[in-house]
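Written below as structure tokens is the structure these notes are about.
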Amino acid sequence: MKKLSQLKVGERATIASFEEDAVPVKLLELGCLPGNQIVLHSIAPLKDPICVELEGSQIAIRRETAVRIFVETV
Amino acid sequence: MSSNSLKVALVGNPNTGKTSVFNALTGLRQKVGNYPGITVEKKTGRCSLNESTTADIIDLPGTYSLNTTSLDESVVVEILLNKKNTDHPEVIVVVAEVENLKRNLLLFTQIKDLKIPTLLVINMADRMAKKGIEIDVETLEKELNTKVILISTRSELGIDELKTQLVNHQELNTDTCTDITAIDQVYFEQLKSIFSSFDPYKLWLLITQDVNFMPIEKNPPLQKEDLTSTKTKAELKKLQHKETVLRYKFINAAISKAYIKNRLKADGWEGHLDRVLTNKFLGFIIFGAILLTIFQVIFDFSSIPMDAIDELFAGLAQVVQNSLPAGVFADLLSDGLIAGIGGVVIFIPQIAFLSFFIALLEESGYMSRVVFMVDRLMRPFGLSGKSIVPLMTGTACAIPAVMATRNIENWKDRLITILVVPFTTCSARLPVYLIIISLVIPNERFLGLGLQPLVLTLLYFLGFAMALLAAAVLNGVLKIPKTDFFMVEMPPLRRPQFKNVGITVYEKTKSFLTEAGRLILALSVIIWFLGSNGIGKDFKNAEQIVTSKVEASKMNWTKEAVEQEISNYKLEHSFIGYMGKAIEPMVKPMGLDWKIGIALITSFAAREVFVGTLATIYSVDEEDQQTIREKMDSERTSSGLKRFNLASGIAILLFYAFAMQCMSTLAIVKKETNSWKWPMLQFGAMTLIAYICAVGSYQLIIPYI
Ligand SMILES: Nc1nc2c(ncn2[C@@H]2O[C@H](COP(=O)(O)OP(=O)(O)O)[C@@H](O)[C@H]2O)c(=O)[nH]1
Ligand SMILES: [Mg+2]
């Protein structure tokens with residue numbers, strides 16, 4: 001199991017779990033739910049934030065959130 | 001509002017095209033304002049559905065769900081939940097979009113559960129072929145138990161069908177999609193036994209409203225304490241998680257039957273362009289180039305209409321002066337009102353150009369890339385990437401910059417940005433900087449660079465640095481609850497629709513004219529009055545006094561010189577003249593006298609007035625920059641020192657860099673924050689900082705001169 005922040009650009013993974021209080025409801029609602037696919041789409045020039053692809057849309061979040069989301073690479 | 005006008009609300013995720021649908025339905029028949037008491041933008045408009053029916057359409061703020069995390073979203077919930085709210089709709093149109101349909105449907109299922117007649121519009125149908133998307137509308141209608149319409153605002157497909165469907169809104173059902181009680185049956189049983197008359201989902205929304213966000217006052221129909229006492233916030237959040245899973249289960253079932261996406265389609269030019277735009281090296285270079293181009297265009301292109309406006313109003317004033325009998329009325333009309341209106345209209349080119357570019361960047365999706373790139377840079381100052389555009393814009397003019405903060409959803413971030421934007425060096429400071437620098441900074445080279453341009457550049461940096469510093473301080477001081485969570489959706493890059501851009505430019509300009517414009521006009525008339533009226537013999541008999549002085553001097557004065565001397569004498573003995581003298585003790589510690597005191601006061605109308613006022617005071621023609629400079633250079637203090645020396649010059653520069661001397665900005669801040677408290681605070685704090693810096697620098701430097 002890896003942290004979301006440890007994925008490489010373009011790497012696809014399945015969301016395994018996250019620290020409940022780290023992930024706001026809004027992100028859940030955008031599809032950040034255990035079992036869903038996630039792709040690290042790109043990283044900002046200053047390494048933070050990162051942009052992930054969820055359910056076909058691209059969403060930028062900060063690293064501080066990404067380190068608390070755990071993924072399973074296939 | 002007529003009785004047979006149907007109330008329709010557009011609801012949907014951000015970037016699904018709600019505003020485009022709204023524009024397509026209403027055209028220019030729209031009204032942009034604020035929701036009462038808060039600063040969320042409210043757009044309403046009217047649309048005739050057929051010969052006999054009209055609809056009042058409201059474009060609600062974009063929201064991902066009814067579980068609110070921001071002020072914008074809680075406005076949506078308030079309007080949809082509260083039947084007594086004047087904006088409560090009879091029909092809801094959920095605007096979704098072909099590519100993100102699944103995610104859009106989450107909000108749809110929540111809306112549907114409110115039991116208000118709802119229809120689903122799937123926008124951007126023009127992109128389906130390219131993205132390999134197929135939608136079986138009939139099946140989807142059956143699965144979601146609603147009317148579904150495929151539309152495209154770009155190719156104007158389906159808009160008429162939407163209108164027809166709105167006329168036939170009685171056909172829409174009010175069945176729910178999901179049963180919320182399934183997430184915790186015991187809990188909902190309990191609730192039902194206490195509040196038997198309430199609908200479980202609406203009750204659930206009320207209970208959870210402040211789990212993620214502190215809503216503004218909502219007149220809750222029930223005591224919150226009773227409701228939340230049985231569950232902790234963490235437990236409620238877990239239930240929201242469960243709710244989301246439940247809803248996605250329903251959505252997945254519907255989607256799997258009616259929606260096909262051919263994954264093999266490549267991402268095309270948008271994907272390549274995106275990678276370039278956010279590239280490590282190219283990203284910032286491109287952003288810099290775009291900003292530079294925008295400023296260049298604003299400076300160059302707006303100066304043409306601005307000069308024309310200037311001349312037009314000057315000419316108009318002249319016509320009035322010539323055609324009316326000389327007197328107070330003619331003066332009020334020409335120097336007060338017409339000049340005042342001119343002072344408002346003169347901002348239009350800058351505002352229009354700037355809102356044009358911002359709308360373009362917004363429409364194309366580039367803006368969120370910029371936010372993505374600079375977020376890390378802004379964080380040490382308690383801001384997020386979203387503040388970058390207003391701060392950059394401030395370098396042209398603070399007024400459109402304050403208006404540009406509307407893109408920042410987070411209220412605390414937005415307020416801080418509004419408060420610090422006037423520190424950035426706007427173009428009105430430039431004439432003041434130029435004349436003072438040329439007076440006090442030696443025209444020499446330092447490390448091969450011209451000293452004068454170096455100081456000018458330094459002043460620009462100083463303004464920006466001060467803005468960031470102030471932001472950091474305000475971030476610590478202001479006690480405004482803030483969800484410290486950053487999340488920005490990066491919509492696909494798109495070719496902008498010029499209709500949308502056009503409407504935005506029109507709306508922004510109009511709202512500036514009608515709302516801030518009035519205030520600016522009033523203030524400039526007041527300042528005109530104070531500068532052209534006075535009490536006492538000196539003011540009333542100015543002409544005689546000056547003429548007799550001229551005769552006594554036995555020199556050969558030109559007619560213009562006499563007139564200039566008279567207006568100088570009048571200004572000196574007007575209300576503003578006395579105010580200038582009254583504040584002399586205050587400006588003395590920065591090495592200035594009452595004459596510059598007057599210029600500081602009139603500068604409050606707008607900084608660029610500084611040079612003009614000094615021209616009047618020193619009795620020279622305003623057009624003649626060279627003479628003003630010479631006059632200023634030859635002014636001496638009582639101790640024989642140059643009046644404009646390095647110490648007092650730096651003091652003036654710092655004062656103009658930091659002081660809030662622009663009533664137009666104050667007017668727009670009042671409008672955008674909906675209260676006088678913030679502009680007054682801004683005015684007080686900035687002027688104080690400016691004063692302290694100016695006095696400090698003067699006292700520090702003067703011993704060495
Ligand atoms: N291709 C395409 N783009 C659209 C359509 N409708 C809107 N857009 C674009 O989608 C973006 C967001 O539109 P907007 O109306 O501002 O969305 P809102 O945030 O929901 O109000 C803009 O760039 C529009 O030009 C459409 O039917 N087709
Ligand atoms: Mg919109």
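I'm told B:Glu99 meets every condition in (1) in contact with a strand residue (DSSP E or B) (Cβ under 9 Å, 6 or more places away or on another chain); (2) assigned to a helix (DSSP H, G or I); (3) farther than 29 Å from B:Thr181 by Cβ except one. Can you identify the failing condition by its number?
Answer for B:Glu99: the failing condition is (2).
Would you point out which residue out of B:Val21, B:Val32, B:Val11 is of a type outside the set (Lys, Arg), within 14 Å of ligand 2 (Cβ to nearest atom), farther than 24 Å from B:Ile135 by Cα and touching a strand residue (DSSP E or B) at 6+ places or on another chain (Cβ under 8 Å)? Don't jump to the end; show me each part of the working.
On the way: B:Val21 fails: farther than 24 Å from B:Ile135 by Cα; B:Val11 fails: farther than 24 Å from B:Ile135 by Cα.
Just one listed residue meets the conditions, B:Val32.
Mind counting the residues in region B:60-75 that are assigned to a loop (DSSP other than H, G, I, E, B) and either within 14 Å of ligand 1 (Cβ to nearest atom) or within 23 Å of the chain's Cα centre (by Cα) (or both)?
From region B:60-75, those assigned to a loop (DSSP other than H, G, I, E, B) are B:60-70; that's our starting set.
From the residues that got through so far, the ones that are either within 14 Å of ligand 1 (Cβ to nearest atom) or within 23 Å of the chain's Cα centre (by Cα) (or both) too are B:60-64, B:69-70.
Summing the residues that are assigned to a loop (DSSP other than H, G, I, E, B) and either within 14 Å of ligand 1 (Cβ to nearest atom) or within 23 Å of the chain's Cα centre (by Cα) (or both) in region B:60-75 gives 7.
Anything in region B:565-580 that is closer than 23 Å to B:Ala657 by Cα and surrounded by fewer than 22 Cβ atoms within 10 Å (Cβ to Cβ)? List them, or say none.
B:Met579
Report, by residue number, each residue of region B:99-130 that is under 14 Å from A:Glu55 (Cβ atoms) and in contact with an Asp or Glu (Cβ under 9 Å, 6 or more places away or on another chain).
B:Asn100, B:Lys102, B:Arg103, B:Asn104, B:Leu106, B:Leu107
Mind checking which residues of region B:582-593 are surrounded by fewer than 21 Cβ atoms within 10 Å (Cβ to Cβ) and either modelled with pLDDT of 90 or more or of a type in the set (Phe, Trp, Tyr) (or both)?
Answer for region B:582-593, where residues must be surrounded by fewer than 21 Cβ atoms within 10 Å (Cβ to Cβ) and either modelled with pLDDT of 90 or more or of a type in the set (Phe, Trp, Tyr) (or both): B:Ala582, B:Ile583, B:Glu584, B:Pro585, B:Met586, B:Lys588, B:Pro589.
Looking only at region B:345-381, which residues are away from ligand 1 (no atom under 16 Å from the Cβ) and within 14 Å of chain A (Cβ to nearest Cβ)?
Residues satisfying the conditions are B:Phe372, B:Met373, B:Val374, B:Asp375, B:Arg376, B:Leu377, B:Met378, B:Arg379, B:Pro380.
Starting from region B:279-300, keep only residues that are more than 14 Å from every other protein chain (Cβ to nearest Cβ), then list their pairs with residues that are in a helix (DSSP H, G or I) and not hydroxyl-bearing (Ser, Thr, Tyr) whose Cβ atoms are within a distance under 7 Å, requiring at least 6 positions of separation or different chains.
Pairs found: B:Leu291/B:Met392; B:Ile294/B:Phe357; B:Val297/B:Phe353; B:Ile298/B:Gln350; B:Ile298/B:Phe353; B:Ile298/B:Leu354.
Filter region B:35-48 down to the residues that are within 11 Å of ligand 2 (Cβ to nearest atom) and either farther than 25 Å from B:Asn4 by Cβ or outside the structural domain of B:Ile79 (by TED's automatic domain parsing) (or both) and list them by number.
B:Glu41
Just checking, how many residues over region B:20-59 are within 10 Å of ligand 1 (Cβ to nearest atom), part of a strand (DSSP E or B) and over 14 Å from B:Val93 (Cα atoms)?
Quick first cut of region B:20-59, residues within 10 Å of ligand 1 (Cβ to nearest atom) only: B:20-24, B:43, B:59.
Restricting the remaining residues to those that are part of a strand (DSSP E or B) gives B:43, B:59.
Within this subset, residues satisfying the condition of being over 14 Å from B:Val93 (Cα atoms) are B:43.
Of the residues in region B:20-59, 1 are within 10 Å of ligand 1 (Cβ to nearest atom), part of a strand (DSSP E or B) and over 14 Å from B:Val93 (Cα atoms).
Filter region B:173-210 down to the residues that are of a type in the set (A, V, I, L, M) and within 39 Å of the chain's Cα centre (by Cα) and list them by number.
Within region B:173-210, B:Leu203, B:Leu205, B:Leu206, B:Ile207 meet the criteria.
Among the candidates B:Glu134, B:Glu161, B:Glu141, which residue alone is touching a helix residue (DSSP H, G or I) at 6+ places or on another chain (Cβ under 8 Å) and either away from ligand 2 (no atom under 16 Å from the Cβ) or not assigned by TED's automatic domain parsing to the domain that holds B:Thr63 (or both)? So that I can check it myself, show each step before the final result.
On the way: B:Glu161 fails: touching a helix residue (DSSP H, G or I) at 6+ places or on another chain (Cβ under 8 Å); B:Glu141 fails: touching a helix residue (DSSP H, G or I) at 6+ places or on another chain (Cβ under 8 Å).
None of the others qualify; the one that does is B:Glu134.
Can you name the residue in region A:24-74 that is at the interface with chain B (Cβ under 9 Å from one of its Cβ atoms), hydrophobic (A, V, I, L, M, F, W, C) and assigned to a loop (DSSP other than H, G, I, E, B) and, of all such residues, is surrounded by the fewest Cβ atoms within 10 Å (Cβ to Cβ)?
The qualifying residue surrounded by the fewest Cβ atoms within 10 Å (Cβ to Cβ) is A:Leu46.
Could you tell me whether any residue of region B:9-19 is away from every other protein chain (no Cβ under 14 Å), more than 12 Å from ligand 1 (Cβ to nearest atom) and either at positive phi or surrounded by fewer than 21 Cβ atoms within 10 Å (Cβ to Cβ) (or both)?
no
Output yes when any residue across region B:389-403 is farther than 26 Å from B:Ser302 by Cβ and either in contact with a helix residue (DSSP H, G or I) (Cβ under 7 Å, 6 or more places away or on another chain) or surrounded by 24 or more Cβ atoms within 10 Å (Cβ to Cβ) (or both), and no when none is.
So far as region B:389-403 goes, no, none of its residues is farther than 26 Å from B:Ser302 by Cβ and either in contact with a helix residue (DSSP H, G or I) (Cβ under 7 Å, 6 or more places away or on another chain) or surrounded by 24 or more Cβ atoms within 10 Å (Cβ to Cβ) (or both).
Of the residues B:Gly382, B:Gly343, which is under 25 Å from B:Trp411 (Cβ atoms), more than 16 Å from the chain's Cα centre (by Cα) and among the small types (Gly, Ala, Ser)?
Matching residue, one of B:Gly382, B:Gly343: B:Gly382.
Of the conditions (1) modelled with pLDDT of 85 or more; (2) more than 14 Å from chain A (Cβ to nearest Cβ); (3) surrounded by 18 or more Cβ atoms within 10 Å (Cβ to Cβ), B:Phe461 clears all except one; give me its number.
It is condition (3) that B:Phe461 fails.
Looking for something within 16 Å of ligand 2 (Cβ to nearest atom) and touching a residue at least 40 places away in the same chain (Cβ under 8 Å) - is there at least one such residue anywhere in region B:115-122?
Scanning region B:115-122, I find at least one residue that is within 16 Å of ligand 2 (Cβ to nearest atom) and touching a residue at least 40 places away in the same chain (Cβ under 8 Å), so the answer is yes.
Go through the residues of region B:91-103 one by one and say whether even a single one is more than 16 Å from ligand 1 (Cβ to nearest atom) and closer than 15 Å to B:Lys202 by Cβ. Quick ask: steps written out before the conclusion?
Going residue by residue through region B:91-103, those that are more than 16 Å from ligand 1 (Cβ to nearest atom) are B:91, B:102.
Subset that is closer than 15 Å to B:Lys202 by Cβ: none.
No, every residue in region B:91-103 fails to be more than 16 Å from ligand 1 (Cβ to nearest atom) and closer than 15 Å to B:Lys202 by Cβ.
Within region B:438-452, can one find any residue that is within 26 Å of B:Ile399 (Cα to Cα) and away from every other protein chain (no Cβ under 14 Å)?
No.
Please find, among B:Ile689, B:Ile668, the residue that is among the aliphatic types (A, V, I, L, M) and either buried (at least 23 other Cβ atoms within 10 Å of the Cβ) or outside any helix (DSSP H, G or I) (or both). Please lay out each step first, then the result.
Working: B:Ile689 fails: either buried (at least 23 other Cβ atoms within 10 Å of the Cβ) or outside any helix (DSSP H, G or I) (or both).
Checking each option against the conditions leaves just B:Ile668.
Run B:Asn85 past the list (1) more than 14 Å from chain A (Cβ to nearest Cβ); (2) at positive phi and report the number of the one that doesn't hold.
(2)
Checking the condition in contact (Cβ under 8 Å) with a residue 24 or more places away in the chain, assigned to a helix (DSSP H, G or I) and among the hydrophobic types (A, V, I, L, M, F, W, C), which residue from B:Val587, B:Val611 passes?
Numbers: B:Val587 fails: in contact (Cβ under 8 Å) with a residue 24 or more places away in the chain.
B:Val611 is the lone residue from the list that is in contact (Cβ under 8 Å) with a residue 24 or more places away in the chain, assigned to a helix (DSSP H, G or I) and among the hydrophobic types (A, V, I, L, M, F, W, C).
Could you count how many residues in region B:479-504 are over 15 Å from B:Gly365 (Cβ atoms), surrounded by fewer than 20 Cβ atoms within 10 Å (Cβ to Cβ) and either within 14 Å of ligand 1 (Cβ to nearest atom) or modelled with pLDDT of 90 or more (or both)?
Residues in region B:479-504 being over 15 Å from B:Gly365 (Cβ atoms), surrounded by fewer than 20 Cβ atoms within 10 Å (Cβ to Cβ) and either within 14 Å of ligand 1 (Cβ to nearest atom) or modelled with pLDDT of 90 or more (or both): 3 in total.
B:Ile304 is checked against (1) closer than 30 Å to B:Ile527 by Cβ; (2) at pLDDT below 85 and fails just one. What number does that condition carry?
(2)
Might you let me know whether region B:326-342 holds any residue that is in contact with a strand residue (DSSP E or B) (Cβ under 6 Å, 6 or more places away or on another chain) and in a helix (DSSP H, G or I)?
Scanning region B:326-342 turns up no residue that is in contact with a strand residue (DSSP E or B) (Cβ under 6 Å, 6 or more places away or on another chain) and in a helix (DSSP H, G or I).
Out of the helices (runs of 4 or more DSSP H) lying entirely within region B:486-578, which hold 2 or more residues that are hydrophobic (A, V, I, L, M, F, W, C) and away from chain A (no Cβ under 14 Å)? Don't jump to the end; show me each part of the working.
Numbers: elements: B:498-511, B:517-532, B:537-540, B:542-553, B:559-572.
The helices (runs of 4 or more DSSP H) meeting that bar are B:498-511, B:517-532, B:542-553, B:559-572.
The values are calculated or read from the model by the stated rules, or taken from the named source; none is laboratory data. Note that the coordinates shown come from a computational prediction; the quantities given were computed from them, not determined experimentally. Because the Cβ atoms are built from the backbone with ideal geometry, glycine has one as well, and the counts that use them run over all protein chains shown.
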